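S.K.: Just dropping this structure here.
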Amino acid sequence: MTAIDPRPSVIEERLSGVKRVIAVTGWKGGIGKSVTASTLALLLARKGYKTGLFDLDFAGASDHLILGAKGLFPKEEKGLEPPVHEGVKFMSVVFFSENKAVPLRGANVSDAIIELLAITQWGELDFLVLDMPPGINDAALDVMRFARKAEVLAVTIPSVLAHDVLNRSLELYRKLKVPVLGVLENMAARPGPGKLRRDPALEKALGSPKALLKTRFAEDLAREAARAGLC
Ligand SMILES: Nc1ncnc2c1ncn2[C@@H]1O[C@H](COP(=O)(O)OP(=O)(O)O)[C@@H](O)[C@H]1O
Ligand SMILES: [Mg+2]
């Protein structure tokens, strides 16, 4: 007899009170996925939406640094209850790695992410923003498979190479029937539809939600979130 994997239905149940799951994805590291996911969660919370943020990037979790979230830890209560920071329910793989590099690979990363999705109690949320692992590897695909409600917000940068990988990943999402809300071209030289400007002030604002929300980057992202029909 083959064992039935109970996790998909557990995750479905866990996410049953979440109206929309927004997976912020991108082809590689260093292109702005985390600043986008973190700032988007702040913007949505400021608009009055019940918002959660889950940093799933085992290789380089950084949302806690971007949001200046220090000394937080989930409460163990029939699973894990995320702490609230700046109005955002916040979970991160960093809570379980104590800032050390996690020696997990491939299937183990997938398993750890799926386990965390299965035990986290989000309760009622309008939006859960997922800061995805880079690329379209096993871990990223498993999140899409298990969090069936996920809609993709893809981040890219102005580069021919980035666009090539982006097009391939969009093709894959089409095949998997994962809705794509939009593509954000980050680090753009000029403002425009679908673009997030390169903002020299962003680096200094990291760690302070208040300062982050005042950046041109946040201004552009707010406009793009509205264009994507999020708020
Ligand atoms: N639009 C932007 N303008 C200026 N710096 C940016 C911009 N987007 C991202 N950065 C910077 O680039 C670095 C990588 O961003 P991050 O969000 O961590 O990327 P990823 O999550 O894709 O690895 C960070 O130091 C961030 O502050
Ligand atoms: Mg990141």
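What follows draws every value from the coordinates through simple rules; no lab data is involved. What you see is a predicted model; the values in this text were computed from it and never measured. All Cβ positions, even for glycine, are placed from backbone atoms using ideal geometry, and neighbour counts span all protein chains on display.
S.K.: Among the lysines, select those whose C-alpha is under 17 Å from the C-alpha of residue 75, and discard any that sit fewer than 8 residues away in the same chain.
M.R.: Result set, ordered by chain and number: 89.
S.K.: Arrange the peptides 147-155, 79-87, 48-56, 192-200 so that the one whose residues have, on average, the most other Cβ atoms within 10 Å appears first.
M.R.: In decreasing order of mean packing, 147-155, 79-87, 48-56, 192-200 become 48-56, 147-155, 79-87, 192-200.
S.K.: Also, I was wondering about something else. Rounded to the nearest 500, what is the chain's calculated 222 nm mean residue ellipticity when only DSSP H runs of at least 4 contribute -39500 (n - 2.57) each, over all residues?
M.R.: Calculated mean residue ellipticity at 222 nm is -11000 deg cm²/dmol.
S.K.: Shape of segment 1-52 from its Cα gyration tensor (a ≥ b ≥ c, root eigenvalues): rounded if a/c is under 1.5, otherwise prolate when a/b > b/c, or oblate?
M.R.: oblate
S.K.: From the Cα gyration tensor of segment 94-186, with a ≥ b ≥ c the square roots of its eigenvalues, which class applies: rounded if a/c is under 1.5, or else prolate if a/b is larger than b/c, or else oblate?
M.R.: Prolate is the answer for segment 94-186, as a/c is 1.5 or above and a/b outweighs b/c.
S.K.: Give the long-range amide H neighbours of residue 55: residues separated by 5 or more places, or on another chain, with amide H under 5 Å away, using H modelled in the peptide plane at 1.01 Å from N.
M.R.: 91, 92, 93, 131
S.K.: If you project the alpha carbons of segment 131-179 onto the principal axes, what extent comes out on each, in Å, largest first?
M.R.: Each principal axis gives a Cα extent; for segment 131-179 these are 32, 20, 17 Å.
S.K.: From Cα coordinates alone, what are the radius of gyration and Dmax values for the chain in angstrom?
M.R.: Answer for the chain, Rg first and Dmax second: 16.7, 59 Å.
S.K.: Only helices at least 18 Å long along their own axis, judged from Cα atoms, and with Kyte-Doolittle mean hydropathy of -1.0 or greater: name those in the chain from DSSP H.
M.R.: 33-46, 106-119, 160-176
S.K.: Quick one: which residues, 5 or more positions from residue 157 or on another chain, have an amide H under 5 Å from its amide H? H modelled 1.01 Å from N in the peptide plane, none for Pro or chain starts.
M.R.: Hits under the 5 Å cutoff: 186.
S.K.: Quick check: net charge around residue 222, other residues with Cβ under 11 Å of its Cβ, Lys/Arg +1 and Asp/Glu -1?
M.R.: +2
S.K.: What nm distance separates the two modelled labels at residue 148 and residue 214, each placed 7 Å from Cα along Cα→Cβ?
M.R.: For residue 148 paired with residue 214, the spin-label model returns 4.6 nm.
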